[in-house]
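Here the structure is laid out as structure tokens; the discussion comes afterwards.
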Amino acid sequence: MKPIFIAAGLLAGALCCCAHDAKDLFANQLGWEKDAAEQLSNLRAWDGLSKGGKLELPGEASFTYPDGEKGWFRVGLALRHDGSGYWKNFYGVRFEVYLPGDAPLKGEAMVHTAARKVYGGSEDVVDTYSAAFGLVGKGWHTVTVPLKSFNLEQSMPVMLETIKTFAVKAEFSDGSKGTIKLRHPRLIKGDLLALESEVRSASAQGGKDAVYALKVSNCTDKPQVVNLARRVQGREVMDTRITPTELTLEPGESRSVEVRVTVSERVAPGGREVQTIQAMANGRDAGTIEYITLAYLEHPYLLHTKERWDDIRKKAETVEWAKKAAAKYVSDADQWNVPEVNFGKLSRHTNCEYVYELKEHEKMFGCAVAYQLTGEMKYAEKAALYLRQLSDPVDGYARTQAGAAGNLVKEGGFMQHVAWGYDLIHDSGALSDEDHKNMAAMIRLYSKIIDQHISQAVSGNWQVAEAFGAIYGALAIQDMALANRFIEGPGGFHEQATHGVMADGWWYECSIGYNAWVSSEFTQLALALQPWGIDYVDAAIPASYSVEYNIFSQDVEERKKKIYGKPFQKWGPVYKPYIKIKDMWDALPKFIDYQGMMFANNDSTENKFTSDAYEIAYFVYRDPIYASIIKHIGKRDLLYGVAELPDDTPELGEGSAYADNAGQVMLRSKQEEPRERIQGVLKYGTHGGYHGHFDRAGLNSLMRYGRSFYNPEHIWYSYPNFMYAFFVQTSLPHNMVVVDMKQQEAVESRRLLFSEGELLQATAVETKARWSNPPYGGLKYPALAPTLQEKCWDEGRYLPQPENEPVYGSIGEWSDRVTQRRLLAVADDYIVLADYLDAPEEHTFDCLFNIKGLLGIDADQVSEPRHTESMNPDPILAAQLITDCNWYDTEGTTKVSFETKFGPDADNAGTRITGLDGVLKMDVYNTWPKQREVMLGTLPEAHGVNRKFWYTVQGDGQVLAEGKFGAWILGRDAIDVSLEGLKTLKLVTKTDASAKKKTLFWGNPVIVTQDGKEIPLSGVELVTDQIAAVPEVGKDYYGGPVKLSGLPMVGTVPANPVKENVDGTITVDLTNLNAARFKAYVGGDYPLGNEAERRKSLSFRTTGKKARFLTVVEPFEAASKIKSVIAASANEVTIELKDGRTHVVRVQGMEQGEDLNVSIQEFNNGKWVREEQHNN
């Protein structure tokens, strides 16, 4: 078993030591190693051995480290397990075996790791690794098993930090029985010698010395004479002296040696030479150790060199936009006060102390920039104080092992800013020698913590942030060996680039924000390495050909079943043997529209890039298309923005494009006026890990006039909320055909067609997926809430609990595999969507669109609507969250009209939407099948209505009914209690402070009299206390109808208390009412106020083993151009336009998928004008 995000899984549930109980967690690393070795060597603590170390064959002997007091525990972000052996820094394990005769022995050494939680804490997993060995010949044999010989992937050394059990399994090759003996088991740092240095890289001025402490240890049971010498390649210019060069070591003895390197004045600042020290032990090769000695490089150099800072200062003096940007840095620095160190406050991410609040590091960095801009020492002193407090060995980072109040990705960003700021003020004189010493110690401690987290064979934006913080820190203290560990070592820059970047230049998470951010990270690092003679700006990094960007022992099937349906793979062709940083920047411009807007994918919204993204790309590469993007941003970046952009740059938003790894194919119509062009996008590619959505063959975007009706985060509930994985990422909120209201399996899919013409642009994609339930209750956060019901209550969001409740986070069983194809054709005035689905079994197919601003529905024949409270009340489906649904049976062409508004007068609360001020109207024509069921339901926008809610129904002081639930979109209790013989009815409600909006109501409340009449509660005298009144009787608090869990209420009485955590009461005098019973609903109203601009889920539904849908969508701004849309079949549709033109669009090959094509004929007033044929 391989680690499933050990950092998230283990840290979530690990005990956190209070800061005053522990200092630098790694300060006792030598102690951990000594304990691990001593305990293993105690043969009496082994299992499976009889007296004298005898082992009966076939058999197994093992040693298990005793459980500790804490198990897994943390200090800040550092992780440890006190019931296991810390083997990471050992060379291997050695033991001796006695064979009684000449029969060959087959042996296997095995290690088992400490159990840890995976799959959101639902399972304990122990990893096992082994290495085979063999022996022959009577007598004692020494067996040395290097740790690198175990079948542990070298990208995952973290697993060696928590070895719980070591075992030796053996049998004679001929199958005979017998007895062997074991003795002297021990961990060794080397085969013959261990050569160790805490620091293996340093810098010095020309003519000065860099000095290293080398620890030499005898790893054998015999005395050894050790000779040390420098191995030379030839032409070296740095003089190296070793003192002493010869020493005698007793078994197990260690001695210190000094290695002194004089930096030649011929070496340019930032230049380096490698010193390889060769050891001989008793005349045998005993290994080497390398040092990297640098010629001292004057600061600053991480973000910019001195020369580039001169350019920035000149720019800030002479260029108007740069003057303003520089003034902002200085003004912010003047207003910033260095915060005090935090004592006692715990991070919500780690439940541990930290040094500073989030964002303070950005202010410190800004202050350091102000120093570079002005030269004023007051800014350097401010930044120095921040760094001095942070690196204080007693009260700073060593105390908390967490710099800021965030998670690991935030800590990576924190340390990057710390290193940048340190670099900027390093030579200012504001820091003392002691300060520099403490900064170096803090950076090395951070590096040890991060080494743990990135040594898990995981690629991701978190690991990029963490590793790059370590690289910048190492460069700031001029330790190239430490920097190289995070550049070339496990989980470092090379692995992140090789495994994370796909051939089409997209970062595998396929989220626009992460694409731009990781590209920026890589580019900034490339600039930081240039002064050291390392150039990645144009370097080709070898590509990875595996679909796996992380290492799992579970195959993809098990992964999907246990990790929320997510495959954690990257797909599509690998058509070149390398990747370059520029590939990442070049991946997106062809998709950006005429106003600089990029459509969204996965966890992202359509948006323009931030000012620092393509500024750094243009600064480095000077590609004119990057300048075009910058021009549309509207804000320049002082640090990377060139003073003047060229006047003549390429136009954006022209042509169609695709990316087969990310799986995005975008079509644009070809009008002269860019704003008139229709832009449509289909998705078919890489899932994107935890940020991936289940929407292959979905209409990912449709834009016109600088407005977009949709993005994948149109309804957004962030990661910790159960709605994130239970609704947002699932198939239902996307514009696609959904099977049985379930979640589409994420599988590698393909593009079938891409063709550009004058009349039409065409594409088609195919996926063959099974369908499952969405992950029940979303992602699991055991540290926040161990069960879904607890989480629902904590969030103030009710979900009904099924009788046979699924396992939290599980997706249930797969359906049969459904073939699904979608064709998109984009004309100048409309788009055509043709869908084909084929399955072995009967299914319900919903062709879905999610659009704001419903205007109405029209069809050749349309029934009266029937109403349901939800799309489907099944508590394990996301469809329960689409509420207040109206269903229509229609025949012939069915048109549903919408108007989405943008700008200050639009009601876009609760949704994420971007666009230029104005409107985007859309008529959606479904022309096939001829008969279908149409649903219009309300989507669960994020209006912040969730709250914890308590209520009590009392009669003469006695409790008649009571309850509590999270009142939001769902959550409604039915009350039916006897009032026989009672004089007073009291309704009590209470809520917490989680929701600021008023939503609570008693719905359809009536007093039933003895003769069966119903008296509305609003019709009797009510005495209220601490109950907020509604502006209009019968309406909700915002003037709209009251709906409780999708059910419209006929009569209502407000129930929202005025203050949180204070009872609101309604008292009714029952005297003379002849009351028999009280009936009512109680819950939270949704949606709020005027519903005209709420986002609706539109479904065209049919059932069967096969389904065909043919849909025409016209996006327009003022007047529609379409007169009629009529389908002759599922493969042919005629669009009659109001200006006399008629288009006949025909599709062929949808059933087979091969040789798929689409054609269009244009007629004007009945006369043929032209036609186009589109093949792949």
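A short reminder: the numbers here are calculations on the coordinates, not readings from a lab. Remember, it's a predicted structure, so these values are computed and weren't measured experimentally. In this analysis, Cβ positions are derived from the backbone assuming ideal geometry, glycine residues included, and neighbour counts consider all displayed protein chains.
Tell me, what ³J(HN,Hα) does each residue in the range 357-366 have, in order and in whole Hz, if you take phi through Karplus 6.51 cos²θ - 1.76 cosθ + 1.60 with θ = phi - 60° and put x for Gly and Pro?
Whole-Hz 3J(HN,Hα) from phi for the range 357-366: 5, 4, 6, 5, 5, 5, 5, 4, 4, x.
Say R0 is 45 Å: what FRET efficiency, to the nearest 0.05, do GLU357 and VAL237 get from their beta-carbon distance?
0.40
Write down the Kirkwood hydrodynamic radius of the range 33-76, to one decimal in angstroms, obtained as one divided by the mean of 1/r over all alpha carbon pairs.
Here the Kirkwood hydrodynamic radius works out to 12.5 Å.
In whole Å, what is the distance between the alpha-carbon centres of the range 291-336 and the range 366-388?
11 Å
Rounded to whole Hz and in sequence order, give me ³J(HN,Hα) for the range 407-423 from the Karplus expression 6.51 cos²θ - 1.76 cosθ + 1.60, θ = phi - 60°, writing x for Gly and Pro.
8, 5, 5, 5, 5, x, x, 4, 5, 4, 5, 4, 5, 4, x, 4, 4
Once you keep just the Cα pairs under 8 angstrom separated by 6 or more residues, what percentage relative contact order results for the range 505-597?
It comes to 37 percent, rounded to a whole number.
Could you give the spread of the C-alpha atoms of the range 1001-1043 along their three principal axes, from largest to smallest, in whole angstroms?
That gives 37, 24, 13 Å along the principal axes, largest extent first.
Can you list the equivalent-ellipsoid semi-axes of the range 1010-1072, largest first and in whole Å, using the square root of 5 times each Cα gyration tensor eigenvalue?
Details: eigenvalues 90, 66, 21 Å².
After scaling each eigenvalue by five and taking roots: 21, 18, 10 Å.
Using bins 5 angstrom wide from zero, how does P(r) for the range 642-792 break down, in % of all Cα pairs?
Using 5 Å bins, I get a P(r) of 2, 9, 15, 17, 16, 13, 10, 8, 5, 3, 2, 1 for the range 642-792.
How charged is the neighbourhood of LEU1047? Take every other residue with its Cβ under 10 Å from the Cβ of LEU1047, and add Lys/Arg as +1 and Asp/Glu as -1.
Details: positive: ARG972, LYS1043; negative: GLU869, ASP884.
So the surrounding residues net to 0.
Pull up all non-local amide H partners of ILE1015: gap of 5 or more, or a different chain, and H-to-H distance under 5 Å with H placed in the peptide plane.
Here ILE1007, VAL1008, THR1009 satisfy the definition.
For the peptides 993-1001, 203-211, what is the packing order when you average, over each peptide's residues, the other Cβ atoms within 10 Å and list the highest mean first?
Going from most to least packed, we get 993-1001, 203-211.
Determine the calculated [θ] at 222 nm for the chain from helices alone, applying -39500 (n - 2.57) to every DSSP H run no shorter than 4 residues and normalising by the residue count; nearest 500 deg cm²/dmol.
On the way: 18 runs with 214 residues, N = 1176.
That comes out to -5500 deg cm²/dmol.
Please give me the summed charge of the neighbours of ARG183: other residues whose Cβ is under 14 Å from its Cβ, Lys and Arg +1, Asp and Glu -1.
Once all neighbours under 14 Å are counted, the net charge is +4.
Between LEU753 and residues 5 or more places away or on another chain, which pairs have amide H atoms under 5 Å apart, with H built 1.01 Å from N, and which residues are they?
Result for LEU753 returns ALA764.
Quick check: from the Cα gyration tensor, does the range 741-795 come out rounded (a/c under 1.5), prolate or oblate? Spell out each step's value before the answer.
On the way: a/c = 4.47, a/b = 3.13, b/c = 1.43.
In terms of gyration-tensor shape, prolate.
Please give the net charge around GLY663, taking every other residue with its beta carbon less than 12 angstrom from that of GLY663, where Lys and Arg add +1 and Asp and Glu add -1.
Details: positive: LYS570, LYS683, ARG696, ARG750, ARG751; negative: ASP504, ASP660, ASP695, GLU748, GLU766.
For residues surrounding GLY663, the net value is 0.
At a threshold of 8 angstrom on Cα-Cα distance, excluding pairs fewer than six apart, so keeping six or more, what relative contact order does the range 948-1084 reach in percent?
Relative contact order comes out at 37 percent.
Normalise the Cα radius of gyration of the range 304-456 by 2.2 N^0.38 Å (N = residues in it) and let me know the number. Before the final figure, lay out the partial values.
On the way: Rg = 16.1 Å, N = 153, 2.2 N^0.38 = 14.9 Å.
The range 304-456 yields a ratio of 1.08.
On full extension of the chain, what length is gained from LYS437 through VAL547, given 0.36 nm per residue of separation minus the C-alpha to C-alpha distance?
35.2 nm
Find the centroid of the Cα atoms in the range 1097-1155 and in the range 809-854, then give the distance between the two in whole Å.
So the separation of the two Cα centres works out to 14 Å.
I need the Debye-formula profile for the range 193-295: one equal scatterer per C-alpha, no solvent, reported as log10 I(q)/I(0) at q = 0.22 1/Å, two decimals.
-1.06
With θ set to phi - 60° and the Karplus curve 6.51 cos²θ - 1.76 cosθ + 1.60, what are the ³J(HN,Hα) couplings of the range 388-394 in order, to the nearest whole Hz, using x for Gly and Pro?
Karplus values, whole Hz, x for Gly and Pro: 5, 5, 4, 8, 4, x, 9.
In Å and whole numbers, how far do the C-alpha atoms of the range 456-605 stretch along each principal axis, longest first?
The principal-axis extents, from largest down, are 46, 45, 28 Å.
Give the lysines reachable from LYS570 as a straight Cα distance under 22 Å; neighbours fewer than 8 places away on the same chain don't count.
Partners found: LYS2, LYS560, LYS561, LYS562, LYS580, LYS582, LYS590, LYS683, LYS768.
Taking a cut-off of 16 Å between Cα atoms, list the lysines near LYS138, but don't count ones fewer than 8 places away on the same chain.
The qualifying lysines are LYS54, LYS106, LYS177, LYS181.
Explain nothing, just the number: relative contact order of the chain, from Cα pairs under 8 Å at least 6 residues apart, as a whole percent. Display every interim value, and only then the final one.
Numbers: 3003 pairs, mean separation 83.5, N = 1176.
Computed over the chain, the figure is 7 percent.
If we sort 727-740, 240-253, 1105-1118 on the protection proxy, mean other Cβ atoms within 10 Å, highest first, what's the order?
In descending order of packing, they fall as 727-740, 1105-1118, 240-253.
Using amide H atoms built 1.01 Å from N in the peptide plane, name the residues 5+ places from THR1052, or on other chains, whose amide H lies under 5 Å from its own.
Amide H neighbours of THR1052: ASN1004, GLY1034.
Report the extension gain between THR1103 and GLN335 in nm, rounded to one decimal, defined as 0.36 nm multiplied by the number of residues separating them, less their alpha carbon distance.
Gain in length upon complete extension: 270.0 nm.
For the pairs LYS88/LYS117; LYS34/LYS164; LYS70/LYS410, flag any whose C-alpha to C-alpha distance is greater than 24 Å.
With Cα atoms farther than 24 Å apart: LYS70/LYS410.
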